[in-house]
Amino acid sequence: MKKVAFLTSGGDCQALNATMRGVAKTLYANGDYEIYGILDGYKGLIYGNIRKMESSDFAGILTTGGTILGSSRQPFKHMRKPDENGLDKVEAMKKNYKDWGLDCLVILGGNGTQKTANLLREEGLNVVGLPKTIDNDIWGTDMTFGFQSAVDIATDCIDKIHTTAYSHGRVFIVEVMGHKVGWLTLHAGIAGGADVILIPEIPYEIDRVVDAVQQREKKGKRFSILAVAEGAISKDDAALPKKEYKRKLKNNPYPSVSYEIGAQIAERTGQEIRITVPGHAQRGGSPCPYDRVLSTRLGAAAAGLIIQEDYGKMVAVQNNDITSVPLQEVAGQLKMVDPESSIVREIRAMGISFGD
Ligand code: F6P
């Protein structure tokens, strides 16, 4: 009998439960496995919070958002630092793993989570990773689970803004999550028919953004919609040394980049601007059918690695196929939107502005 423990870490997303279900069902169907759940991410592994799970725990959770195990943020950069009571977190995780008699940890998480998973691998633990995040920024996989569900929600938000923007003849900014990358904004912006799409990978010039809005006005369009990534950055700010940019953000009177852009457009055009921030709703609710299929497949593939005792890998999607990549290749790399990629070129060709 083998003992396998799940752990969900970092910001949650829609298909975490569906993924665990995929792993668990495959393991139960193919051998003698005992499954455990570590509570609240790495916090539970550090401080020893675990519970035994039964097959009934995985019933009816394909459609449930969030994570039945709870999650927390334990930044990778603090993992090697002792906690406030002087506890060595890495040693504590290794000790609990050993004391619990585990054969493998199944770690569902984003970039930081996979970095810590790789650290645990280096420390000799058996680890299998699963790529979770609405940001779709994990290196080594074309797609992460949670992303398509978040695209649906952000798109629905832009769709709804269209009708009110038309009625009032206003300029609307919809601020989309995505951390330091623009995948979610790019896809929701395209799907929602935004007129301007601003993403971190393509720093904008406010004059070009204003041009795009004014050109629409000249053409007699009643409204404009801008999909702006929470990490969007102007060319001027992108040119600042990191420290200076951080100082600017600290003293910035605006709650986020969208409010700064909104104020600049209002000042230059005199148009009425409104900002909508769907925020954490983008991570909430039930996974979309695409994510249910993807997470079930990734879960089954992760179970396959466990059955073969092929550890130290993250399951991934490449060219529409499920595969796996070594954790050391994933750790520390970010998958960003390529400004020269065909998707960006196609959208530019349609006359959508990236503000550059
Ligand atoms: O990584 C997922 C994400 O939702 C990002 O898009 C966003 O920047 C961040 O998490 C928000 O984090 P928190 O839930 O800690 O506020």
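Specify which of the listed residues (ILE153, ILE161, ILE173) is touching a helix residue (DSSP H, G or I) at 6+ places or on another chain (Cβ under 8 Å), surrounded by fewer than 24 Cβ atoms within 10 Å (Cβ to Cβ), in contact (Cβ under 8 Å) with a residue 40 or more places away in the chain and of a type in the set (Val, Ile, Thr).
None of the other options fit; the residue is ILE153.
Scan ARG274, ARG297 and give me the residue that is within 20 Å of GLY65 (Cβ to Cβ), more than 16 Å from the ligand (Cβ to nearest atom) and among the charged types (D, E, K, R).
Exactly one residue qualifies, and that residue is ARG297.
Residues LEU87, LEU102, LEU120, LEU62: which one is more than 16 Å from the ligand (Cβ to nearest atom) and crowded, with 22+ Cβ neighbours inside 10 Å?
Answer to the check: LEU120.
One residue is enough: does segment 246-256 have a residue meeting the conditions among the hydrophobic types (A, V, I, L, M, F, W, C) and away from the ligand (no atom under 16 Å from the Cβ)?
Checked against the condition, which is being among the hydrophobic types (A, V, I, L, M, F, W, C) and away from the ligand (no atom under 16 Å from the Cβ), segment 246-256 yields no hits at all.
Tell me the residue from ALA281, ALA303, ALA316 that is outside any loop (DSSP other than H, G, I, E, B), over 18 Å from the mean Cα position of the chain (by Cα) and among the aliphatic types (A, V, I, L, M), please.
None of the others qualify; the one that does is ALA303.
If you scan segment 179-210, which residues turn out to be assigned to a helix (DSSP H, G or I) and either surrounded by 24 or more Cβ atoms within 10 Å (Cβ to Cβ) or of a type in the set (Ser, Thr, Tyr) (or both)?
Scanning segment 179-210 gives TRP183, LEU184, THR185, LEU186, HIS187, ALA188, GLY189, VAL209.
Only one residue in TYR290, TYR259 is surrounded by fewer than 17 Cβ atoms within 10 Å (Cβ to Cβ), at pLDDT 95 or above and hydroxyl-bearing (Ser, Thr, Tyr), so which one is that?
Result: TYR290 is the single residue among TYR290, TYR259 that is surrounded by fewer than 17 Cβ atoms within 10 Å (Cβ to Cβ), at pLDDT 95 or above and hydroxyl-bearing (Ser, Thr, Tyr).
The values are calculated or read from the model by the stated rules, or taken from the named source; none is laboratory data. Keep in mind that what you see is a predicted model, and the values were worked out from it rather than measured. Cβ sites come from the backbone with ideal geometry, for glycine too, and all protein chains shown count toward neighbours.
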